[in-house]
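Notes follow once the structure below has been shown.
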Amino acid sequence: MKKLLLVDDDTNIRFVVQICFEGSPEWSLLEASNGQEALEIAQNELPDLILLDMMMPGMDGVTTLGHLRQNQITAAIPVIFMTAKVQTHELESYKHLGVEGVITKPFDPMTLPDEIKEILSKKVSTS
């Protein structure tokens, strides 16, 4: 079973994602409520994927991603940003940061696992 680390300061978002993956045969869910917590969990648990909120107090998603990439242990973990900021120029800047993709908020809980699968399959087919 693959490990999915969800990083979001909003308890409601974490709860909805938890429900999305409850009973999933493919993913077990780990949760972090901020960037610092995410760095510690990523280092210790080595998740297969990180869903990373862009806007969090303290350490935002871009800063958290930077720290993940600087650490040799976590540098190769795929990251998908989750954000409400999805204007074209913003999406392009996110892609230049080296994330696998972007999931827009609000997202559809019924299709979230499929959306993640689709993003990861595009990465596999283009690499």
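The values are calculated or read from the model by the stated rules, or taken from the named source; none is laboratory data. What you see is a predicted model; the values in this text were computed from it and never measured. Backbone-built Cβ (ideal geometry, glycine too); neighbour counts: all protein chains shown.
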List pairs: first in region 12-29 and among the polar types (S, T, N, Q), second in a helix (DSSP H, G or I), Cβ under 7 Å, 6+ apart or cross-chain? 24/113
The number of residues in region 77-111 that are over 13 Å from the mean Cα position of the chain (by Cα) and either modelled with pLDDT of 95 or more or within 24 Å of residue 40 (Cα to Cα) (or both) is 1
Among (1) at positive phi; (2) at pLDDT 95 or above; (3) not hydroxyl-bearing (Ser, Thr, Tyr), there is one condition residue 72 misses while meeting the rest; what is its number? (1)
For region 5-18, what are the residues that are within 17 Å of residue 59 (Cβ to Cβ), of a type outside the set (A, V, I, L, M, F, W, C) and touching a strand residue (DSSP E or B) at 6+ places or on another chain (Cβ under 7 Å)? 8, 9, 14
